[in-house]
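S.K.: The structure's right below; bear with me while I get my questions together.
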Amino acid sequence: MTAAREALVLPNVFLVVLLIGGLRIGRTITLIPPSPYVLLLGLLLIRVAVQSGVLSPDRLLASTRSTLANANGAVVLVTLWLAAAQALAVLIPDSGVPRLAFNVFFLILLLNTAAASPDRQRLLRSFAVTFGGAFVLKFVVLHGLSAPGQGAFKRALLALVDNVTAGALIQEVPHPIAAYAAFLTIGLFLIGLLLLPHREPPIRYELPPEYRLGR
Amino acid sequence: MSETATRSIGLGVATAFAALIGWLYARQPQTIAQVTGGLSAVVGAYAVDEQSFEDALRFFRNDQFVEARMAFDRADPAVRDARTQFYIAYSYYRQGWGRTYHDDRLYADGLTAIDRAMALAPAGRLVVDDPNLGMHTPEEVKAELLAGLRVDASDFNPLRVFRTRK
């Protein structure tokens, strides 16, 4: 990994995620910091990233590196943690049963991923699918249901889920630009994950057939 | 560029960006003017628009409080000047004041503005030397606004009609 990527690109990508992910655009614009719960989920996400090789912490912090390089590495780790928490916070609905369900879902998902111990490629693919799915659920389905009006789609979905959620499904509808900001946040976060210094998979040598045992 | 230079610049940029984000979270600016004004104030380069401030004072002294607040907002678009916020609060007080009743909504807005003025005042202390005002400090204005919002026995004193607006 180049010094420019470690010192300039990664911290700034994650800080942009932290900034844009915190925007809540409604009647007024507010910046919401990540809650303690999503900070905990962010830690879990980093743990899974380290376990799968998406992040190789010894390439960011090591006694063989200079103090300045270690400082850059520490900044990457801290900003990654905050960005991970903020990216998850963007995907969690603001209130009601959906908020509770998404909170539990992300916790179980991260614990399950840690137990499954996927490799780098599978984990990145899994995050892309999960985050994409959560984005569609929150910004298309839930906000479609909560928006004023009675379209056929809304009536059908309400009929499906109204009894299950005891009516606590409706969310406050944000400004239309909120979905674009969330999309940018998630996209940037996934790009940041892809750019992290990762652990190379172990090299497997395959012996020629004539050297194999039993031949 | 050498690796050390790249790393030093990266560390500096990330620190500055993180500080900006922290400041935005703390201040919660609502407009670009508030962002730029707030950042200018951090480096001591913020100043109110004196022409708009003079216009606002003229409106204020003519009891044209709505017009005065518009001009005060124009003078201090970033909401960073304690004196301007003091006058805005005072305008709410004067507009909401009545011999037999006070307008609670205007008084509540005044309370918000005077709290802003107190938060912005250097070391929390502000004295406005304006001979046209009956109160010269935010503490006096805040006490008057709070008294107006409170319902107590003095509200039923018929002699209150002889009180004067400050």
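The values are calculated or read from the model by the stated rules, or taken from the named source; none is laboratory data. As the structure is a computational prediction, the values presented were derived from the model and not from experiment. We place every Cβ from the backbone using ideal geometry, glycine too, and count neighbours over all the protein chains shown. Note: areas computed on protein heavy atoms with side chains; ligands, DNA, RNA excluded. Shrake-Rupley method; radii C 1.70, N 1.55, O 1.52, S 1.80 Å.
S.K.: Please determine whether any residue of the range B:26-44 is away from every other protein chain (no Cβ under 14 Å), in contact with a helix residue (DSSP H, G or I) (Cβ under 8 Å, 6 or more places away or on another chain) and surrounded by fewer than 16 Cβ atoms within 10 Å (Cβ to Cβ).
M.R.: Within the range B:26-44, one or more residues are away from every other protein chain (no Cβ under 14 Å), in contact with a helix residue (DSSP H, G or I) (Cβ under 8 Å, 6 or more places away or on another chain) and surrounded by fewer than 16 Cβ atoms within 10 Å (Cβ to Cβ).
Table: residues versus (1) among the basic types (Lys, Arg); (2) without any contact (Cβ under 8 Å) to a residue 40 or more places away in the chain; (3) not in a helix (DSSP H, G or I).
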{"site": "B:Pro77", "(1), (2), (3)": "no, no, yes"}
{"site": "B:Arg83", "(1), (2), (3)": "yes, no, no"}
{"site": "B:Tyr93", "(1), (2), (3)": "no, no, no"}
{"site": "B:Leu106", "(1), (2), (3)": "no, yes, no"}
{"site": "B:Asp129", "(1), (2), (3)": "no, yes, yes"}
{"site": "B:Met135", "(1), (2), (3)": "no, no, yes"}
{"site": "B:Glu140", "(1), (2), (3)": "no, yes, no"}
{"site": "B:Ser154", "(1), (2), (3)": "no, yes, no"}
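S.K.: So which pairs qualify, if the first residue must be in the range A:27-44 and more than 7 Å from every other protein chain (Cβ to nearest Cβ), the second must be open to solvent by 20 Å² or more (accessible area, probe 1.4 Å) and at pLDDT 90 or above, the Cβ gap must be under 6 Å, and the two must be at least 6 apart or on different chains?
M.R.: Short answer, once both residue conditions are applied: A:Gly42/A:Trp81.
S.K.: Here are some conditions: (1) assigned to a helix (DSSP H, G or I); (2) under 26 Å from A:Ile20 (Cα atoms); (3) not aromatic (Phe, Trp, Tyr). B:Pro29 meets all but one. Which one does it not meet?
M.R.: (1)
S.K.: Given the structure, is B:Leu111 in a helix (DSSP H, G or I) and under 25 Å from B:Ala41 (Cα atoms)?
M.R.: yes
S.K.: Could you identify the single residue in A:Ala71, A:Ala7 that is at the interface with another protein chain (Cβ under 8 Å from one of its Cβ atoms), open to solvent by 30 Å² or more (accessible area, probe 1.4 Å) and farther than 28 Å from A:Ile177 by Cβ?
M.R.: So the residue among A:Ala71, A:Ala7 that is at the interface with another protein chain (Cβ under 8 Å from one of its Cβ atoms), open to solvent by 30 Å² or more (accessible area, probe 1.4 Å) and farther than 28 Å from A:Ile177 by Cβ is A:Ala71.
S.K.: Additional query: I'd like the full set of residues that are modelled with pLDDT of 90 or more and more than 9 Å from chain B (Cβ to nearest Cβ), limited to the range A:15-26.
M.R.: A:Val17, A:Ile20, A:Gly21
S.K.: Is at least one residue of the range B:92-111 buried (at least 19 other Cβ atoms within 10 Å of the Cβ), more than 14 Å from the chain's Cα centre (by Cα) and among the polar types (S, T, N, Q)?
M.R.: Yes, that holds for at least one residue.
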